[in-house]
Amino acid sequence: MIRVLIADDQEMVRAGFRMILDSEDDIRVVGDAGNGHDAVRLARELRPDVCLMDIRMPGIDGLEATGLLAGEEATDPIRVVVVTTFDLDEYVATALNNGASGFLLKDAGPALLVEAVHAAARGDALVSPQITVRLLRHFHESDSSRDRAADRPREELTGREHDVVRAVARGLTNTEVSAELYMSLSTVKSHLASVQGKIGARNRVEIAAWAWRTGRMSD
């Protein structure tokens, strides 16, 4: 059973998300919060598997709350999926840099919301398809000040790993990568796990961002 905490300042949104998620056999909403302070407090008390986090909330906003719960300084990180109305590149980039395991727009639909919860629970990440590639290009174009040495892999990627990375960076799912590259789903997952270890990425979104940032998409 995947335990979920919902944080949003609109009661109707919280109720709608609860109805969608509680209708799933393997998901249970264990609590909700209407502001950032309560979201952090409840998440630390209840230890949900996934926290759905709005951005604009009273107290501390969802981006700061995400950093407190899922960022590098968090002693016992919780998986956070940011769900917002605002399709802004800086919000998406900040959320993911703060450790979010996904970023969805509120109009993404019930199926994608459920898929994002499942992805986060298994340690993967999902970003709304309409912003994925644009976001990753944003990483590539705006991150010129980053120390390139920090992006060097601990061990060079194999040719097939490069193929998988480029496909993921174009926004393809594992199933789509499998079909395009004529390899099994388990092999795709194995390559992604290997790449994560080589470049120090936490999930597929960080792999994709790394690919755009380091020029691998033009290799």
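Side notes on the structure shown:
- Cβ charges +1 (Lys, Arg) and -1 (Asp, Glu), total dipole of the chain, debye: 540
- The range 5-17 - phi-based ³J(HN,Hα) in whole Hz, Karplus 6.51/-1.76/1.60, Gly and Pro as x: 10, 10, 10, 7, 7, 9, 4, 5, 5, 4, 5, x, 4
- Over the range 5-72, the fraction of Cα-Cα pairs per 5 Å bin, rounded to whole percents and listed from the shortest bin up, is 4, 20, 30, 25, 15, 6, 1.
- Helix axis angle, 159-169 relative to the chain longest principal axis, alpha carbon, degrees: 40
- Counting only protein heavy atoms and a probe of 1.4 Å, the accessible surface of the range 54-101 is 45% carbon and sulfur.
- Beyond 16 Å, the tail of the calculated P(r) for the range 36-109 holds 40 percent of the Cα pairs.
- Taking every protein chain into account, the accessible area of the range 1-53 amounts to 50 square angstrom per residue (probe 1.4 Å).
- Each of the chymotrypsin sites (Phe, Trp or Tyr not before Pro) that DSSP puts in a loop and that has at most 13 other Cβ atoms within 10 Å breaks the chain; the longest unbroken stretch is 87-181.
- Dimensions in Å of the range 155-219 - Rg and Dmax from alpha carbons: 10.4, 28
- Per-residue accessible area (protein heavy atoms, 1.4 Å probe) orders K106, K189 as K189, K106, starting from the largest.
- Rg ratio (alpha-carbon, reference 2.2 N^0.38 Å) - the chain: 1.01
- To the nearest ten degrees, helix 185-199 and the longest principal axis of the Cα atoms of the chain are 90 degrees apart.
- Within the listed set G99, G200, G67, the residue fluctuating most in the Gaussian network model of the chain (springs between alpha-carbon atoms under 10 angstrom) is G200.
- Two-decimal Rg/Rh across the range 60-101, once Rg and the Kirkwood Rh are taken from alpha-carbon atoms: 0.95
- Relative to the dominant Cα principal axis of the chain, helix 36-46 is inclined by about 90°.
- Cβ-derived FRET efficiency at R0 25 Å, R122 paired with E73, nearest 0.05: 0.55
- Contact order normalised by residue count of the chain, Cα under 8 Å, 6+ apart, percent: 14
- For T85 and D25, the FRET efficiency from 1/(1 + (r/R0)^6), where r spans their Cβ atoms and R0 equals 25 Å, is about 0.30.
The values are calculated or read from the model by the stated rules, or taken from the named source; none is laboratory data. Because the structure is a prediction, the values reported are computed rather than measured. With ideal geometry, Cβ positions are generated from the backbone for all residues, glycine too; neighbour counts draw on all protein chains shown. Accessible surface is based on the protein model in full, side chains and every heavy atom, while ligands, DNA and RNA are left aside. Shrake-Rupley method; radii C 1.70, N 1.55, O 1.52, S 1.80 Å.
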